Each structure stands twice: as structure tokens, then as C-alpha cells.
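The values are calculated or read from the model by the stated rules, or taken from the named source; none is laboratory data. Nothing here was measured: the structure is a model prediction, and the numbers come from that model. Don't worry about glycine lacking a Cβ; one is built from the backbone with ideal geometry, like all the others, and counts go over all protein chains shown.
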Amino acid sequence: MNLLTFFVVLAGWIFSLCLHEFSHALVAYLGGDWTVREKGYLTFNPLKYTHPVFSLLLPLLFLISGGIGLPGGAVYIEVWRLRNDYWRSAMSLAGPMANVLVAIVLAVVLNTTSVGATAFGPGLAFLAYLQIMAVVLNLLPVPPFDGFGVIEPFLSSDLRMRIAPIRGAFVWIVFAVLWFVPFAGRALGLLIFIFTSLLGIPRELIAVGYEQFTF
């Protein structure tokens, strides 16, 4: 483990989690849920989130233990206040798009400056990799991921009622599949590396960042 890389990734990941939740709240506010301002969600203070365990602690635990970019839990949105289903869908999509933005900014920094050749390079490259991982995982169209939130408003009420009692189990099913089904894990890794390659982030630099970050 390299302390500089560790703190660069950790600080960057906390910032991206805050930006992810802030983006959900901002779109919800624009869409009609003015209560997010009263709840303090329109800030970068992680202590204001509804579920600090699921939004911050659990993602950080997964990150530190295995270098897994686990998406954080969403802030509590009073979706019935939103103007229509399209705003509900946009609110869910806003979080992953914040991670996309962070990944693009990191890629620009690495590709247009000499930072990649410095001691900060591996940490920034691995942080960008984690952003893409969070996007890919979060856009899975199953609850409780944001990808399901994007399509949920357009599902039939009967289907939503059938899913509701078991929606909390899906996250564990997804990670069990990724862990115990080799093909699923390899497919996820390949998809992430395709996107990081499109952003011009060297795979070798990501690997160095991973080695320097994990225990």
C-alpha cells in the first residue's frame, strides 16, 4: 500500500459519493421536491444523508477491503412531489451521471497534463476506474440500483407491487453472482476496461493504482 495513493483515492471517492447524492437531490429539487433543501441534501455534508451507513460507510468498507466501487444508497426523495415520471427517472439517472462526469474530468487531467507520470497518477487512474465501476453497477436495471429507478416509473403498478417485498435482496443476489459466477465477474471487468480505454486511461496505470491502494 502507498499512503499517497490511498488518501488520493479515499478522498476522491468520498467526494464522488457526495456529488452522486447531491446530484440526486438537485434534480429532485428542480423537479418539484423542495423538501430536499430543508433536509440539507443540497450540500456536500455526508452527515445529512438519510442512510450514512449505506451511502458512505458500506461503500467505503467495500472500497478499502477489495477495491470495489460500490454505489451509495440514494437520499430520501419524496417522489410524489415530482412533477411527472420523467423527473423521477431523471432524478435516478443524475447520480450515475455525476460519476461519469468525475471519470471524464479525471481522464482529461491524465491525458492532457503530466500528472499521470507523477506519484498522483496511479491513484487518479484507479479512482477513474472506480467511477466507471460505480456507473456500470448502478445502472443495472434491478432494485435498489439507480438503473431500476430510471425504469421503475414506467412499470405497471402490479409489477412494482410484486417486486417491492423482495427489492432489498437484489443487491446481495447481484454481488453473489459477480462473486461466484466467474463469467459474470469477467464480463463486468471487461465492460469497465472498455470504457476506461475509451477515456484513454492506461490499464497499466490502473493496475498500479489498485496495487498501491489495497491492503
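If you check Val142, Val150, which single one turns out to be surrounded by 17 or more Cβ atoms within 10 Å (Cβ to Cβ) and either of a type in the set (Val, Ile, Thr) or modelled with pLDDT of 90 or more (or both)? Criteria check complete, one pass: Val150. If you check Leu47, Leu42, Leu106, Leu93 for being over 25 Å from Val174 (Cα atoms) and modelled with pLDDT of 95 or more, only one passes: Leu106.
The numbered conditions (1) of a type outside the set (Val, Ile, Thr); (2) in contact (Cβ under 8 Å) with a residue 60 or more places away in the chain; (3) not in a helix (DSSP H, G or I) are all true for Pro153 except (3).
Residue by residue, here is whether (1) in contact with a Leu (Cβ under 9 Å, 6 or more places away or on another chain); (2) outside any helix (DSSP H, G or I) holds:
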residue: Leu127; (1), (2): yes, no
residue: Pro143; (1), (2): no, yes
residue: Asp158; (1), (2): no, no
residue: Ile166; (1), (2): no, no
residue: Val174; (1), (2): yes, no
residue: Leu191; (1), (2): no, no
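Taken together, Val105, Val115, Val142, Val109 contain a single residue that is without any contact (Cβ under 8 Å) to a residue 60 or more places away in the chain and within 18 Å of Tyr210 (Cα to Cα), which is Val115.
Take the conditions (1) in contact (Cβ under 8 Å) with a residue 24 or more places away in the chain; (2) surrounded by 12 or more Cβ atoms within 10 Å (Cβ to Cβ); Ala184 misses just one of them, which is (1).
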